[in-house]
Every structure is written in C-alpha cells, then in structure tokens.
1. Between THR72 and ASP37, what is the label-to-label distance in nm when each label sits 7 Å out along the Cα-to-Cβ direction?
2. With each run of n ≥ 4 DSSP H residues scored as -39500 (n - 2.57), what mean residue ellipticity at 222 nm is computed for the chain after dividing by its residue count and rounding to the nearest 500 deg cm²/dmol?
3. Share of antiparallel DSSP beta bridges in segment 131-297, in percent to the nearest 5?
4. Report the net charge of residues surrounding LYS99, where surrounding means a beta-carbon distance below 14 angstrom and charges are Lys +1, Arg +1, Asp -1, Glu -1.
5. Name the residue, out of ILE156, ILE319, ILE79, whose mean-square fluctuation peaks in a Gaussian network model built on the chain with Cα pairs under 10 Å.
6. Please compute the length gained on full extension between ARG202 and ASP286, using 0.36 nm multiplied by the number of residues separating them and subtracting their Cα-Cα distance.
7. Give the residue from PRO131, PRO85, ALA220 lying farthest towards the positive end of the charge dipole for the chain; charges sit on Cβ (+1 for Lys and Arg, -1 for Asp and Glu) and the dipole is referred to the Cα centre.
8. Under a 5 Å amide H to amide H cut-off, with H placed in plane at 1.01 Å, what residues pair with ASP163 once short-range neighbours are removed?
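Read-outs: derived from the displayed coordinates by stated rules, not from any lab. Here the structure is a predicted model, which is why all the values come from computation and not from measurement. Note: ideal-geometry Cβ built from the backbone for every residue, glycine included; neighbour counts use all protein chains shown.
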Amino acid sequence: MEDVLILGIESSCDETAAAVVGNGREMLSNVINSQIDIHKQYGGVVPEIASRCHIEAVNVVIDEALERAGVTFNDIDAIAVTYGPGLVGALLVGVSTAKALAYALKKPLINVHHIKGHICANYVAHKDLKPPFTCLVASGGHSHIVYAENYTDYEIMGMTRDDAAGEAFDKVARILGLGYPGGPKIDRLAGEGNPRAVEFPRVKMANNSLDFSFSGVKTAVINHVHKLGQRGEEYNKADIAASFQNAVTDALCSHTIEAAKRKGSKTIALAGGVASNSALRKKMTDMAGREGIDVLYPPPVLCTDNAVMIAAAGYFEYISGTRADMRLNAVPSLPLE
C-alpha cells in the first residue's frame, strides 16, 4: 500500500495547529501557534479573542506544516479537521478552512472528534501500539476513561460529572495565585510540597461507577485557603498544591486501572493535557505495574492540543471509509460515540 499523507488542522480552543502525518504514525511536521500569552492576562481562554487569533494564524501554520514536511498540497491525500467538541467560534475557523481546502484541491475531507484525536496521539508516540487498550483522556475540558475497541470505535467507561481534571487544576492555580495555565504551574509547585499535608476528598461513585467528580476537591481547596486567610494564618502553597494534585491523581489512577481490569486490558494509554502531569505519569505507572499493566503516554507536545493527533485519527478514519461533505459544521458539544 502506498503511503497516505494526511494534513491535520486543529483549532478547538486556544492553539492553532497544522501537521502532516504519514500512515497515521509518522509525524512529518507539527506546527502550533499558542495563544497562552494572550489569554493568561484574563486568567483563562476568551472565546472571541481565540477565534480572531485563529483566523490570523490558520493559513500561516498550514503553509509552515507543509514546508516542514517537505510536501505540497498535491502530495496530500486528505484533509482532517477537528469539528468538535470545543469552542464554537474556534472550531468554525478550522472547519471552514478545511472545507475550503478540500473543495479547492478536490481532496477528501475527514471530520475528526477531538477526544479521538488525543487518543491517537499515542499511535504516533508508540509505533507498535494496537487496540484494544484502555485510555485515560484528561484535559481542561475532558476527563474520560475510554476503551479503544479498534482504531475508530470506542466505549466510554467513565467520565466526569462536573469539572474536568484540567479545569480543576486551572481553578486551584488561580486561587493560589499561580496564574494560567494552571496545570504545569501546579505540577511544578507540588514537587516542592508534601502531598499528605492536607487530606482533600476523593469522590467514589455508587453502583461501581467509574465516573469522576472534581468539583468537590476544587471547592475543598478553595474553602481551605479562604478559611486560613480569614484567620490570618500562614499557609504553604506547595503543600496545598501537592495535596490537591495527590487527590486528583488518586481518582484518575484508581478508576482507570479498575476500568482496565474489567476489560482485561494489559495496556493503559494516557492522553490530553493532564497526561503531561509528572505525578500522574509516575503514580499510574507504579499502580498499574503492580497489576501487570503497562502504561504508555505521548511526549508533552503531543498531550496538549495539536494537529498531529488530528491527522493520525484522520488517517484511521480515512482508511475506514469516513468522508465528510461541504455541509460539515462545528459541533461544540459533540459526544464521543
């Protein structure tokens, strides 16, 4: 079979990204224009600003992705784009661009689910990885435990009922005065603290559910900090960060490992921005290892939003026959089916 080159486009939140991937596993280029410096002054992503920045950057990142890959539009077999979930205005920039390219170049258009993209980043990072396996997708907007039945079909085994893990990290970072984005800042600060200094709650759902809830631990941290402040007591931010991180990673690891055991999985993959968290990686590896389960995760650059993962997922959809037409639209609350 000849090599299949997919141009991926990602614009679901605050990164404008384009990439060229061969056969779903070979990263030929990876270009990301981040808006972090713009949004951090507001303490989070401002959707309207994100959309305008995507419009300014999208053509530039696509041209650079092709140049770095050493290919032209003529060499591309299909255009893959994130169409949901995400911020509707941001998604529309990527979807509209992909549709225009597919129409003008007469290339197939492949619609990609953002969460499926995160999972497929592992195929680029680990060339020998094949389904089935269990995957934890944890980011600012998502906390899912997914069983990858094959390259395109997935079963949701657990998900958050309120805040996503990354969202909780951002909100706790804000209350501690660390700024945005909160995940990397909490991770760094927690390394200097005692993870058992404060016993924050871990939620366990009834009926053997593997769902998560992180609003309680977030609120517990906020209340703890407020009470100490009202009393005029000094507190160690590193200890609070470490204790909060310990509570969140306990839940993520225990639920994911239980899901893997229920399916008889011998491999757990991590995906999404929170998969970059050093404590999560170590804890999951240690806990799963005691159960005889291997743990895989992508490098940090493929954990945060990127187009490599979209092109990789696009490849597997492409060879399975998935095609979108010019009626493709952004779906901000797109469920994972």
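1. That separation, rounded to one decimal, is 3.4 nm.
2. -14000 deg cm²/dmol
3. That works out to approximately 60 percent antiparallel.
4. Overall, the nearby charge balance is +3.
5. Comparing ILE156, ILE319, ILE79 in the GNM, the peak value goes to ILE319.
6. Value of the extension gain: 28.3 nm.
7. After comparing all options, I get ALA220.
8. Distant-sequence amide H within range of ASP163: PHE214, SER215.
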